[in-house]
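**Q** Can you keep this structure in mind? I'll have questions shortly.
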Amino acid sequence: MKRSIPLLALGLLAATATTLAQENPEQVSDERARANFARPIELAADDVRAFPEPPEAFRTVRADIAHGQVVPFEYDSTVTGTRRKANVYLPPGYSAEKKYPVLYLLHGIGGDENEWLSFASPAVILDNLIADGKAVPMIVVLPNGRAMADDRAIGNPFEPEKAAAFGKFEGDLLDCLIPAIEAKFSVLTDRAHRGIAGLSMGGGQTFNFGLGHLDTFAWVGAFSAAPNTKPPALLLPDPAAATKQLKLLYISCGNKDGLINFSQAVHRYAKEHGVPHIWNVDDHNHDPNTWASNLYHFSQRLFR
Ligand code: FER
């Protein structure tokens with residue numbers, strides 16, 4: 001039982017909120033979340049911007065360009081035993097005659113399939129970039145990443161059962177949602193045309209599921225990743241193999257966000273082990289401005 005010692009050690013580390021380790025869903029609580037957000041922020045010399053803020057109008061609706069469409073989508077989940085909802089962005093001029101790459105874009109702990117749409121205008125950002133030839137026409141799937149029968153974003157989001165449901169989404173995504181999307185829409189189905197990104201809890205899911213399934217995702221973008229992020233050595237156990245498979249690893253966080261420790265840990269490990277990645281530390285806190293801005297930068301580099 002070679003594995004039992006490291007796993008036990010990880011369990012012990014997770015027992016204190018001040019130690020940096022993956023949060024055990026059973027211990028998630030308001031208090032621990034507050035402690036995590038209050039972690040001291042220590043910036044190293046390389047914790048700086050890779051990109052400037054986007055131009056002011058990057059998320060302003062333009063009347064003079066073609067617009068995509070956000071359509072509701074439903075699928076049956078064998079993980080939750082329910083019919084689940086997602087939103088799907090179809091790029092301008094979406095046509096069954098063409099095949100599109102797909103980005104799975106994940107929300108935070110208090111959100112659902114509407115969260116990105118409610119505060120970061122992903123459809124507007126994509127429409128504008130595609131119109132300017134700065135992003136490839138792509139489909140963006142906005143799922144509900146809380147894989148439980150009652151997946152509504154109501155009540156206290158820091159309940160252990162709800163936090164655990166973000167981990168259970170791995171099976172729902174891989175075994176239920178992706179096949180359902182690929183059956184319904186005109187999409188490219190190889191790993192080189194499938195990306196995963198997300199904010200906060202969705203950033204942790206992105207690290208865990210994206211790096212955990214490089215046979216499924218070649219493009220990985222974690223924004224302001226939360227304490228559900230696995231330790232870097234578990235995310236990238238074989239840095240050389242990951243380097244070969246990754247087309248893009250994009251990591252971002254605001255320099256006023258107490259959760260930055262989690263992103264710093266992955267960045268530093270990736271740097272030390274020679275895994276190429278983009279590390280963008282902007283001036284934001286844990287807020288939609290950094291998520292919209294990083295979606296703008298990340299999506300321009302996708303599927304190229
Ligand atoms: C925590 C603090 C924050 C935590 C999750 C979060 C799993 C997630 C925040 C978000 O999604 O915005 O301790 O534990």
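**Q** What FRET efficiency, computed as 1/(1 + (r/R0)^6) with R0 = 51 Å and r the Cβ-Cβ distance, is obtained for Phe51 and Ile154, rounded to the nearest 0.05?
**A** Efficiency, from the Cβ-Cβ distance: 0.90.
**Q** Given the Cα-Cα distance of Ala233 and Ala66 and 0.36 nm per residue of separation, how much length would full extension add, in nm?
**A** On the way: separation 167, 0.36 × 167 = 60.12 nm, distance 4.41 nm.
This chain segment gains 55.7 nm when fully extended.
**Q** Treating the range 159-221 as a set of equal point scatterers at the Cα positions, no solvent, please give the Debye-formula log₁₀ I(q)/I(0) at q = 0.15, 0.24, 0.30 Å⁻¹.
**A** Log10 I(q)/I(0), no solvent term: -0.47, -1.06, -1.33.
**Q** Counting GluC sites (Glu not before Pro) as exposed when in a DSSP loop with at most 10 other beta carbons within 10 Å, what is the longest stretch of the chain free of them?
**A** 98-304
**Q** Could I ask something else about it? Can you find, among Leu259, Gly274, Phe119, the residue farthest towards the positive end of the dipole of the chain? Put +1 on the C-beta of Lys and Arg, -1 on that of Asp and Glu.
**A** Gly274
**Q** Taking the chain on its own, what percent of its Cα-Cα pair distances exceed 35 Å?
**A** So the portion of pairs separated by more than 35 Å is 14 percent.
**Q** If the viscosity is 1.306 mPa s and the temperature 10 °C, what translational diffusion coefficient in µm²/s does Stokes-Einstein give for the range 70-181 when Rh comes from Kirkwood over Cα pairs?
**A** D, rounded to a whole number, is 108 µm²/s.
**Q** Restrict the search to the range 143-234; then list the trypsin sites (Lys or Arg not before Pro) that DSSP places in a loop and that have at most 11 other Cβ atoms within 10 Å of their Cβ.
**A** Arg152
**Q** What pairs from Lys99/Lys244; Lys184/Lys247; Lys168/Lys247; Lys85/Lys162; Lys134/Lys247; Lys98/Lys184 go past 21 Å between their alpha carbons?
**A** Lys99/Lys244; Lys184/Lys247; Lys168/Lys247, as the Cα separations exceed 21 Å there.
**Q** Moving to a separate point now. Would you mind working out the magnitude of the charge dipole of the chain relative to its Cα centre, with +1 at each Lys and Arg C-beta and -1 at each Asp and Glu C-beta, to the nearest 20 Debye?
**A** 660
**Q** Also: Averaging the inverse of every distinct alpha carbon separation and then flipping it gives the Kirkwood radius. What is it for the range 184-304, in angstrom units?
**A** Details: mean 1/r = 0.0710 Å⁻¹.
So the Kirkwood estimate lands at 14.1 Å.
**Q** Separate question: Can you sort Tyr296, Tyr75 by how many other beta carbons sit within 10 Å, fewest first?
**A** Tyr75, Tyr296
**Q** Separate question: Can you tell me the dipole magnitude for the range 78-215 around its Cα centre, using point charges on the Cβ only (Lys, Arg +1; Asp, Glu -1), in Debye to the nearest 20?
**A** 180
**Q** For each of Val136, Val281, count neighbouring Cβ atoms within 10 Å of the residue's Cβ, then give the residues from fewest to most. Walk me through the intermediate numbers first.
**A** Working: Val136 18, Val281 23.
Least crowded to most crowded, the residues run Val136, Val281.
**Q** With charges only on Cβ, +1 for K and R and -1 for D and E, what is the dipole size of the range 21-117 about its Cα centre, in debye, rounded to 20?
**A** For the range 21-117, the charge dipole is close to 360 debye.
**Q** I would also like to ask the following. What is the projected area of the convex hull of the Cα atoms of the range 60-127, averaged over all directions, in nm²?
**A** Details: hull surface 23.7 nm².
Result: a mean projected hull area of 5.9 nm².
Here, each number is a calculation from the coordinates, and none is a lab measurement. Being a predicted model, the structure only gives us computed values, none of them experimental. Note that we place each Cβ from the backbone using ideal geometry, even for glycine, and neighbour counts take in every protein chain shown.
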